[in-house]
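Inspection log for the structure reproduced underneath, given as structure tokens.
The values are calculated or read from the model by the stated rules, or taken from the named source; none is laboratory data. The model shown is predicted, which means the values in this text are computed figures rather than measured ones. Heads up, the Cβs are rebuilt from the backbone with ideal geometry, glycines too, and the neighbour counts pull from every protein chain shown. For the accessible areas, the whole protein counts, side chains as well, though only heavy atoms, and no ligand, DNA or RNA atoms are used. Shrake-Rupley method; radii C 1.70, N 1.55, O 1.52, S 1.80 Å.
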Amino acid sequence: MARIAGVNIPTNKRVPIALRYIHGIGPAMANEICDKIGIAPERRVADLSDAEVIRIRETIDSDYMVEGDLRREVSLNIKRLMDLGCYRGLRHRKRLPVRGQRTHTNARTRKGPAKPIAGKKK
């Protein structure tokens, strides 16, 4: 198993697919990394040499914000919004949807399981 950015990426998958296991790398960025290094997207992680894995690791470390740094920045941005007391910050604080979705029905992912209201029976 290759270890990149603190994440064990699967060896039996193609390189662009395996890179997506790293938080902050999606399909477009994975293909961009492969193009930048010169690795064919059809190759599997198990077929990579140690030098190629090191080149991937160095490229990601130098050019992209991934894993812990990215999670820290996102959480600091949310904390900043909450401290400002702006509308988005208040929505984060109340654990409600932030981007304008309806909450009368739905929003169960953000609000959690439905809580029964006592005395409401019809």
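Roughly how many percent of the accessible protein surface of the range 1-75 is carbon and sulfur, given a 1.4 Å probe and a whole-percent answer?
48
Using a ≥ b ≥ c from the Cα gyration tensor of the range 65-106 (square roots of the eigenvalues), is it rounded, prolate or oblate, where a/c under 1.5 gives rounded and otherwise the larger of a/b and b/c decides, a/b for prolate?
The shape class here is oblate.
Under a 1.4 Å probe, what is the accessible area of the range 26-101 per residue, stated in Å²?
Accessible area per residue: 69 Å².
With θ set to phi - 60° and the Karplus curve 6.51 cos²θ - 1.76 cosθ + 1.60, what are the ³J(HN,Hα) couplings of the range 2-13 in order, to the nearest whole Hz, using x for Gly and Pro?
Here the 3J(HN,Hα) series is 7, 10, 10, 6, x, 10, 7, 8, x, 8, 8, 9 Hz.
Calculate one ³J(HN,Hα) per residue across the range 78-92 by plugging θ = phi - 60° into the Karplus curve 6.51 cos²θ - 1.76 cosθ + 1.60, and present them in order as whole Hz with x for glycine and proline.
After applying 6.51 cos²θ - 1.76 cosθ + 1.60, I find 5, 4, 4, 4, 5, 5, 5, x, 6, 4, 4, x, 5, 5, 4 Hz.
Can you give the relative contact order of the range 1-105 as a percent, counting alpha carbon pairs under 8 Å and 6+ residues apart?
22
For the chain, what is the calculated [θ] at 222 nm in deg cm²/dmol (nearest 500), taking -39500 (n - 2.57) for each run of four or more DSSP H residues and dividing by its residue count?
-14000 deg cm²/dmol
Given the C-alpha centroids of the range 39-99 and the range 6-30, what is the distance between them in whole angstrom?
First find each Cα centre; the distance between them is then 13 Å.
Taking the mean number of other Cβ atoms within 10 Å as a proxy for protection, how do you rank 101-107, 59-65, 71-77 from highest to lowest?
Top of the packing list down: 59-65, 71-77, 101-107.
Full-extension gain between Arg72 and Cys86, please, as 0.36 nm times their residue separation minus the C-alpha to C-alpha distance.
3.0 nm
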